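A quick write-up on the structure given underneath.
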Amino acid sequence: MNSSKSRNKILTKRTKYNLKGGLRVIIEKHKYDGVFIARSKQDALCTKNLIIGSSVYGEKRILINKNNDSVEEYRVWNPFRSKLAAVILGGVDDIFLRRGMSVLYLGAANGTTVSHISDIIGIEGTVYAVEFSHRSG
């Protein structure tokens, strides 16, 4: 169901994708391309998952069944695990990430932020992630 504000009403499976809002969650586009807000009792920053059914670091996922039998999945982006997510929520002017870009990410650690950057730039883009530490995290 689309409204004039470009909102999609979705259903989440409580057992697997719980966002403390019951079954009704609204996905809204953020001002940055590729970034979304999941609105429910507990709002969450999200990116659209490139590989449906795949979780990178155990993050919560929101599954959407569209009217035409297509499926979309959004991954919740935790600002306590990602500085980029924190500055987006803090209201930074621009994140300088666009679909199709090539990105060099230094200090990738476990890949939390890198995985969301990959979601934002899409399959047209490339992420080069480097971690120098012997033991990340």
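The values are calculated or read from the model by the stated rules, or taken from the named source; none is laboratory data. Note that the structure is a prediction, hence the values are computed from the model and not measured. All Cβ positions, glycine included, derive from the backbone under ideal geometry; neighbour counts span all protein chains shown. The accessibility values were calculated without ligands, DNA or RNA, using every heavy atom of the protein model including side chains. Shrake-Rupley method; radii C 1.70, N 1.55, O 1.52, S 1.80 Å.
Do we find a residue being in contact with a helix residue (DSSP H, G or I) (Cβ under 7 Å, 6 or more places away or on another chain) and either crowded, with 18+ Cβ neighbours inside 10 Å or at pLDDT 90 or above (or both) anywhere in segment 37-46?
Yes, segment 37-46 contains a residue that is in contact with a helix residue (DSSP H, G or I) (Cβ under 7 Å, 6 or more places away or on another chain) and either crowded, with 18+ Cβ neighbours inside 10 Å or at pLDDT 90 or above (or both).
Quick one: Ile117 ticks every box in (1) open to solvent by 40 Å² or more (accessible area, probe 1.4 Å); (2) without any contact (Cβ under 8 Å) to a residue 40 or more places away in the chain; (3) closer than 18 Å to Lys29 by Cβ except a single one, so which number is it?
(1)
Looking for something modelled with pLDDT of 95 or more, assigned to a strand (DSSP E or B) and hydroxyl-bearing (Ser, Thr, Tyr) - is there at least one such residue anywhere in segment 103-122?
Checked against the condition, which is being modelled with pLDDT of 95 or more, assigned to a strand (DSSP E or B) and hydroxyl-bearing (Ser, Thr, Tyr), segment 103-122 yields no hits at all.
Test Val56 against the stated conditions and say whether it is part of a loop (DSSP other than H, G, I, E, B), touching a Gly at 6+ places or on another chain (Cβ under 8 Å) and without any contact (Cβ under 8 Å) to a residue 60 or more places away in the chain.
yes
Which of the residues belonging to segment 79-102 are part of a loop (DSSP other than H, G, I, E, B), on the phi < 0 side of the Ramachandran plot and open to solvent by 70 Å² or more (accessible area, probe 1.4 Å)?
Result: Phe80, Arg81, Asp93, Arg98, Arg99.
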